[in-house]
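**Student:** Encoded as structure tokens, here's the structure I'll be asking about.
Values in this text are rule-based calculations from the coordinates and carry no lab data. Since we're looking at a predicted model, the values are computed, not measured. Every residue, glycine among them, receives a Cβ derived from its backbone with ideal geometry; neighbour counts consider all protein chains shown.
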Amino acid sequence: MFAEVAFPISNFKTFTYAIPRDLSKKIHIGSRVKAPLGKRKLIGIIVNILETPPYKGETKSIEDIIDDFQVVTPELWKLISWISNYYMTPLGQVAKTVLPNNLSTRYKPLKILFVESILSEKKTNIELLKKRAPKQYEILNKIQLSKSPLKVSSLTEYSSNPSQICKILSGKKLVRLFEKESIPSSSAFSFDPVDKKIIFNQDQERVSKSLKQSLENEVYMPFLLHGVTGSGKTEIYIEAVRYCLKQGRTAIILLPEISLTPQISGRFKSVFGDTIALWHSKLTQRQRSWTWKEICKGSYKVIIGARSAVFSPLKKLGLVVIDEEQEASFRQDSPMPRYHARDVALMRAKFNNAVIVLASATPSLESYYNYLNEKLNYLYLPNRYGDAKYPVVHLVDMLEEQNDTGKFGQIISGLLQDKIEERLNNKEQIIILQNRRGFSPVIRCGDCGQIIICPYCNVSISYHIKTDNLLCHFCGHSKVKLDQNCSDCNSKNLHYSGTGTQKVEILLRDTFPKASIQRLDMDTSLSGRNITNILKAFNNGEIDILLGTQMIAKGLDFPNATLVGIINADQGLYLPDFRSGERIFQLIYQASGRSGRRNKQGEVVIQTYSSENPVIKSASMLDMKKYYEIALKEREELDYPPYSWLAKIEITGSNQENTSLLAINIAQAINGDYTGLSILGPVPCYIEKLRNNYRFQIIFKSVKTLDPNGKKLHSFINRNFNHISQKHQIGKARIKIHFDPLSLI
Ligand SMILES: [Zn+2]
Ligand SMILES: [Zn+2]
């Protein structure tokens, strides 16, 4: 027997090896093996098993097998091959991204001590306890009141050493203690499980019924679940997962970022308990391997995670849910493969005959278009759950405000200030969005007007007041403020303008000295645990004002938050990217949706300098359908997605002239274009220089009317670039191929 093996090298070739007799029973497609390649020994993955070698002559042998069990299901293997093909990435590289590094590493999951009550008749003993050992009595009472076993560590409010007391109680045969292995780091990213009884409203009932019917059929069925903010989508997911598990199948829930959605994980945990595993980038290598193996063994039936959870090796997958499907974080741009988890998930569902639900209050224009064109089945939740009403939105024209007050560059309008004060007096909570971190994002020379830019990237550098340094948000280059001169005239007279979260924070603290204010952005919360803690504190009412970047805008449900303020709605609106309008609309709409989630009337204050802009206008009316109509029309006129297929070739290198020349040469060598294809460029990218590399791009647009499934564009790019990309990756300039890029800047 022979095996074709793919290696994680930048080469599409596979290599054939003989399978030693003693290994032949253990080897499957998808197994990883060690084999000689040139002078090295590399770990590769088996992509095919053959009876006879494809050519005559001597064949080298596989040396060893890495995984002694099947690490990918046949459907998952099909998916890996599809990714390799669609995103033009060597099979070995895709496999390397999908599989944990080394599945043979040892990892011992933490054991957690639980306690549960034992039914006992000895009331007298308990009464005795009340007098003699009140602490024991209190804890016992708590345990007896709980329907399910409790974590011993959760009893610290009664005693500093609850395990000691539980042991005594266990000695008296009043409780039972036991240990359970915990899923790696799952609690760091979820709120404590919330147990609640949900009664579906009519809309939820209808949507849930459709999903169950489709699950029943066990065929591929893609849905767009469009539910306004606060319409109870999570409960729909839960109901569908419950049904799917009952069928003996499994489910994947994809979330944009696991640490920002602790409420959903917490809710799932309360319903499904130990059948859930979390899969995300914060797991260590060992935890990843362990979790992967457990999933292969069938220990988990539901996987919740960020984009890479789409690759979980679940068997009998029946359901995939993608929450906030419009989110850019589902796209991976580096390293290869450059894939979109939503599109990969659609393929995975297809290969598994599964139901897939793309869910959002603000779907991506692609998905919305696919629903209009009947490629996605549409499910609509038009109403907020329970008695919750839509928030009242106030649009503040900051130019008018300026004229009225005579104050220029005001950050918080009079109206927003009044509303904040009102909320603070009512003991209600406030969310303030400013989608830019740091103190001041633009530093300008007072003498010559030059803007200070990062020496490695062609972007303005930001001032961070907490650390008193200048920081590039793209490459992380940082410099002490005192050392900075104007790069043009060497002047020290620098003006710090523009508004970042830190500036807003200081202003809020000055204006509302008694309020408890917390900022949440990349600077305050590098670790996921930190984020969860801040969100928990806000949920518990320990924080009055939560201020942050887009991190606070989505998926969160705080019943007492009744005011959302958007400091500068225009942030990013004028970026030269076909998607910038869509992004800003979604951000404003979603942020507004945080306000007034229960019976309290919510309000939103949107501050803008562009009150007539259609994005801002329709966002302030919370009119999604109207804006999507406008946006789709624009895209159609300009042949942008979803009306075309897009590919981008990015050429980067450290020498500007050589890179530019290479881009020109590549463009000239392109041949075989067809009707419906337009080629734009080469041009320097909007951010011309990034991390000391110059960037050029060539854009390819293939209109869907002439290329309905994108095959023409794919084979065109394949023909032209397959070889080019290999040749130049080795040299100093690199060529990256992006299919369906999210951004062109
Ligand atoms: Zn200057
Ligand atoms: Zn930089």
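**Student:** Can you bin the range 614-745 into rounded, prolate or oblate? Criterion: square roots of the alpha carbon gyration tensor eigenvalues sorted a ≥ b ≥ c, rounded for a/c under 1.5, prolate for a/b above b/c, oblate for the rest.
**Tutor:** In terms of gyration-tensor shape, oblate.
**Student:** Let me ask something else about it. Count the DSSP beta bridges whose two residues both fall in the chain, then state the antiparallel fraction as a percent rounded to the nearest 5.
**Tutor:** 55 percent
**Student:** Hey, fewest Cβ within 10 Å first, where do Asp570, Asp387 land in order?
**Tutor:** On the way: Asp570 17, Asp387 8.
With the fewest neighbours first, Asp570, Asp387 line up as Asp387, Asp570.
**Student:** Next question. What percentages make up the Cα-Cα pair-distance distribution of the range 239-294 when the bins are 5 Å wide from 0?
**Tutor:** Percent of Cα pairs in each bin: 4, 16, 25, 25, 21, 8, 2.
**Student:** Turning to a different aspect of this structure: Over all distinct Cα pairs, what is the inverse of the mean 1/r for the chain, reported as the Kirkwood hydrodynamic radius in Å?
**Tutor:** In the chain this quantity evaluates to 28.8 Å.
**Student:** Based on Cα positions only, what radius of gyration and what Dmax would you give for the range 302-351, in angstroms?
**Tutor:** 10.7, 30
**Student:** In addition: Mind running the shape call on the range 438-498? Use the C-alpha gyration tensor, a ≥ b ≥ c as the square roots of the eigenvalues: rounded below 1.5 for a/c, prolate if a/b tops b/c, oblate otherwise.
**Tutor:** Details: a/c = 1.58, a/b = 1.32, b/c = 1.20.
Since a/c reaches 1.5 and a/b is larger than b/c, the shape of the range 438-498 is classed as prolate.
**Student:** Would you mind calculating the gained length between Asn373 and Thr675 on full extension (0.36 nm times residue separation, minus the Cα-Cα distance), in nm to one decimal?
**Tutor:** Stretched fully, the Asn373-Thr675 segment lengthens by 106.4 nm.
**Student:** For the range 1-49, report the % of Cα-Cα distances exceeding 18 Å.
**Tutor:** The proportion of pairs with Cα distances above 18 Å equals 20 percent.
**Student:** Would you mind classifying the range 190-341 by shape? Square roots of the alpha carbon gyration tensor eigenvalues, ordered a ≥ b ≥ c; an a/c under 1.5 is rounded, otherwise it is prolate if a/b is larger than b/c and oblate if not.
**Tutor:** Numbers: a/c = 1.43, a/b = 1.36, b/c = 1.05.
Rounded.
**Student:** Computed FRET efficiency, Cβ-Cβ of Arg40 and Asn458, R0 45 Å: what is it to the nearest 0.05?
**Tutor:** Efficiency, from the Cβ-Cβ distance: 0.70.
**Student:** Between Asn403 and Ser10, with labels modelled 7 Å along Cα→Cβ, what's the label distance in nm to one decimal, could you check?
**Tutor:** Placing both labels 7 Å along Cα→Cβ, they lie 5.7 nm apart.
**Student:** Sum -39500 (n - 2.57) across every DSSP H segment of at least 4 residues in the chain, then divide by the residue count to get the 222 nm mean residue ellipticity, nearest 500.
**Tutor:** So the helix-based figure for the chain works out to -10000 deg cm²/dmol.
**Student:** Something else about it: Counting other C-beta atoms within 10 Å, and keeping those with at most 12, which DSSP coil chymotrypsin sites (Phe, Trp or Tyr not before Pro) do you find in the range 352-457?
**Tutor:** Phe408
**Student:** Return, for the Cα atoms of the range 111-181, the radius of gyration and Dmax in Å, separated by a comma.
**Tutor:** In Å, with Rg to one decimal and Dmax whole: 11.3, 36.
**Student:** What stretch of the chain, leaving out the sites themselves, is the longest with no GluC sites (Glu not before Pro) in a DSSP loop having at most 15 other Cβ atoms within 10 Å?
**Tutor:** That would be 375-541.
**Student:** Could you give log10 I(q)/I(0) at q = 0.16, 0.25, 0.27 Å⁻¹ for the range 341-418, computed by the Debye formula over C-alpha point scatterers of equal weight, without solvent?
**Tutor:** The Cα Debye sum returns log10 ratios of -0.77, -1.18, -1.28.
**Student:** Using a Förster distance of 25 angstrom, determine the FRET efficiency expected from the C-beta separation of Arg206 and Arg242, and round it to 0.05.
**Tutor:** Details: r = 17 Å, r/R0 = 0.69.
Efficiency at R0 = 25 Å is approximately 0.90.
**Student:** Moving to a separate point now. Once fully extended, how much extra length lies between Lys135 and Ile630, figured as 0.36 nm per residue of separation less the alpha-carbon to alpha-carbon distance?
**Tutor:** 171.7 nm
**Student:** Something else now. Taking a point 7 angstrom from the Cα of Lys196 along the C-beta vector, which residues in the range 574-610 have backbone N less than 12 Å away?
**Tutor:** From the range 574-610, the list is 597-599.
**Student:** On to the next question. Give the relative contact order (percent, whole number) for the chain; include only Cα pairs under 8 Å separated by 6+ residues.
**Tutor:** Relative CO of the chain lands at 11 percent.
**Student:** Given labels modelled 7 Å from the Cα in the Cβ direction, how far is it in nm from Val683 to Gln668?
**Tutor:** With each label point 7 Å from Cα toward Cβ, the separation is 2.2 nm.
**Student:** Continuing with this model, one more query. Give the value in nm², to one decimal: projected area of the alpha carbon convex hull of the range 404-545, averaged over all directions.
**Tutor:** For the Cα atoms of the range 404-545, the hull's average projected area reads 10.1 nm².
**Student:** Please work out how much length the chain gains when fully extended from Ser334 to Leu482, using 0.36 nm per residue of separation minus the C-alpha to C-alpha distance, in nm with one decimal.
**Tutor:** Stretched fully, the Ser334-Leu482 segment lengthens by 49.8 nm.
**Student:** What residues qualify as long-range amide H neighbours of Leu381, i.e. H under 5 Å apart, gap of 5 or more or another chain, H built at 1.01 Å from N?
**Tutor:** His226, Gly227, Val228
**Student:** Quote the relative contact order of the range 2-98 in percent (integer), defining contacts as alpha-carbon pairs under 8 Å separated by 6+ residues. Mind showing how you got there, number by number?
**Tutor:** On the way: 173 pairs, mean separation 35.7, N = 97.
About 37 percent, as a whole number.
**Student:** With labels modelled as points extended 7 Å from the Cα through the Cβ direction, what inter-label distance (nm, one decimal) is found for Gln213 paired with Asp22?
**Tutor:** Label-label distance for Gln213 and Asp22, simple model: 5.9 nm.
**Student:** Going by how many other Cβ atoms sit within 10 Å of their own, how do Asp639, Asp468 line up, fewest first?
**Tutor:** Arranged by neighbour count, lowest to highest, Asp639, Asp468 become Asp468, Asp639.
**Student:** Suppose every K and R has +1 on its Cβ and every D and E has -1 on its Cβ; what is the size of the dipole of the chain about the Cα centre, in Debye to the nearest 20?
**Tutor:** 3280 debye
**Student:** Using only the Cα atoms of the range 2-98, what are the Rg and Dmax in Å?
**Tutor:** Rg then Dmax for the range 2-98, in Å: 12.6, 36.
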